[in-house]
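The values are calculated or read from the model by the stated rules, or taken from the named source; none is laboratory data. All of these numbers come straight from a predicted model, not from anything done at the bench. Positions of Cβ are generated from backbone atoms using ideal geometry, with glycine treated the same way; all protein chains shown enter the neighbour counts.
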Amino acid sequence: MTWLLMEAESRRGQVVSLLANFCWVALEKLGPQGQERLLCTRRTRLGKSGQTICAGDWVTVESPDWPGARGVVAAVEPRGVLLERPPVANVTRVVVVVAVAEPPIDSLQLTRFLVTAEACGAAVELVFAKADLLPAAELEAWLERARGWGYEPMALSCFSGQGVAALQTRLSRPGLAVLCGPSGVGKSSLINAMVPDLALRIGAVSGRLQRGRHTTRHVELFPLADGALLADTPGFNRPDLPADPAALAALFPELRQRLQAGACRFKNCLHQGDPGCVAGVDWDRYSLYQSCLAAVLAQVERERERQPGSGAAGLKQRGHRHEPRLEERLRQPSRKRLRQSEARETDQAADALNPDPED
Ligand SMILES: Nc1nc2c(ncn2[C@@H]2O[C@H](COP(=O)(O)OP(=O)(O)OP(=O)(O)O)[C@@H](O)[C@H]2O)c(=O)[nH]1
Ligand SMILES: [Mg+2]
Ligand SMILES: [Zn+2]
């Protein structure tokens, strides 16, 4: 009977922030005294089953202690889009924020943020913050550049107010928008500008490199409009890249577009400027793509070396480049093999070019 009563007391809610051993859950339906959120621990069996909890997760809260505003998370619902770093579940939009100055834009770092955002599968927005710190012409040049990458970037300033209302409108659509970017670019300031009641803590950038001070320490979700949530996140400097080199191209919208328009000569092309590669070299982020690809390939190599019995394949010299020996699946056919197969021009030759067993 007691058990039945307890069960009846379960409530659905969304995790709005995660502390060391607790999380705050915003309830879908208010508590008996109008409680909006409960501070929750999690059921031991959840931890034992390896089930993690992230900000943004929809959960079932049991055993509510209404006067104490406490509860226990008993179950986590299956997640929609998951942003891995920082971990946020059920993401609709990732808003990559960089400052045009203080700290200055680092285009490789910006690209890595965009790649991480694209990789999670949510819509991606790009914001150039602190617009007051750059002459209008230089600002416009950045916007134009980012349009070429396939984004609809926005410039804004919390100090002058430029662009803040426009971003607010763009983000006031149903779903969860997560602000990501390096420390000190003004993510929390932006949220304060859009939701003034919050008064989030902000921190000055410091030092010769104008680095942020990691003022925001954990992810937190805030309501922006009806059904629209906004997440503030701690800034960090080096977003991860995908593990699979072949997955990288699709995370550059401008390259994705080229690849949709026409296929490369090589089925498993990594788009490194070879003749016959439809991506070509005449695009703005070509060298940034190459830098990311080199980092992913180095990561693959490190992984291979770490695996016991991998027979240290080492780096392979190919033209002026070094590249690791890739899994068969990821290899481009050698030029010799390509010539041989072209001579034959048979279906068999095509198979030889694409050794992927799934073909
Ligand atoms: N000039 C200028 N400075 C700004 C603007 N917005 C924020 N700042 C300053 O930038 C610094 C960092 O702002 P925060 O909002 O703490 O940056 P953050 O991205 O949240 O940083 P983390 O929490 O460390 O990731 C503060 O000193 C702000 O006053 C702006 O529009 N223009
Ligand atoms: Mg912050
Ligand atoms: Zn290619």
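Side notes on the structure shown:
- Boolean, Ala193 is aliphatic (A, V, I, L, M), in contact with a Gly (Cβ under 8 Å, 6 or more places away or on another chain), over 24 Å from Asp57 (Cα atoms) and within 16 Å of ligand 2 (Cβ to nearest atom): yes
- Index of the failed condition, Arg70 passing every other in (1) at pLDDT below 95; (2) among the basic types (Lys, Arg); (3) farther than 28 Å from Pro245 by Cα: (1)
- Scope the range 33-73; condition in contact (Cβ under 8 Å) with a residue 24 or more places away in the chain, within 18 Å of Leu19 (Cα to Cα) and loosely packed, with under 12 Cβ neighbours inside 10 Å; matching residues: none
- Reported count of residues in the range 189-218, each being modelled with pLDDT under 95 and either of a type in the set (Lys, Arg) or surrounded by 23 or more Cβ atoms within 10 Å (Cβ to Cβ) (or both), is 6.
- Scan the range 128-144 for residues that are part of a loop (DSSP other than H, G, I, E, B) and either touching a Leu at 6+ places or on another chain (Cβ under 8 Å) or within 16 Å of ligand 3 (Cβ to nearest atom) (or both) and the total you get is 0.
- Of the numbered criteria (1) more than 16 Å from ligand 2 (Cβ to nearest atom); (2) in contact with a Cys (Cβ under 7 Å, 6 or more places away or on another chain); (3) touching a residue at least 24 places away in the same chain (Cβ under 8 Å); (4) not small (Gly, Ala, Ser), the one Asp284 fails is (2).
- Verdict on Ala146 being more than 18 Å from Val96 (Cα to Cα), more than 10 Å from ligand 1 (Cβ to nearest atom) and aliphatic (A, V, I, L, M): no
- Filtering the range 17-73 to residues that are in a loop (DSSP other than H, G, I, E, B) and within 21 Å of Val91 (Cβ to Cβ) leaves Leu19, Glu28, Gln51, Thr52, Ile53, Cys54, Gly56, Asp57.
- Extreme residue, modelled with the highest pLDDT, among residues of the range 219-260 that are among the basic types (Lys, Arg) and either within 16 Å of ligand 2 (Cβ to nearest atom) or under 15 Å from Gln272 (Cα atoms) (or both): Arg256
- Only listed residue being surrounded by fewer than 17 Cβ atoms within 10 Å (Cβ to Cβ) and either in the same structural domain as Leu126 (by TED's automatic domain parsing) or touching a helix residue (DSSP H, G or I) at 6+ places or on another chain (Cβ under 9 Å) (or both), chosen from Glu84, Glu9: Glu84
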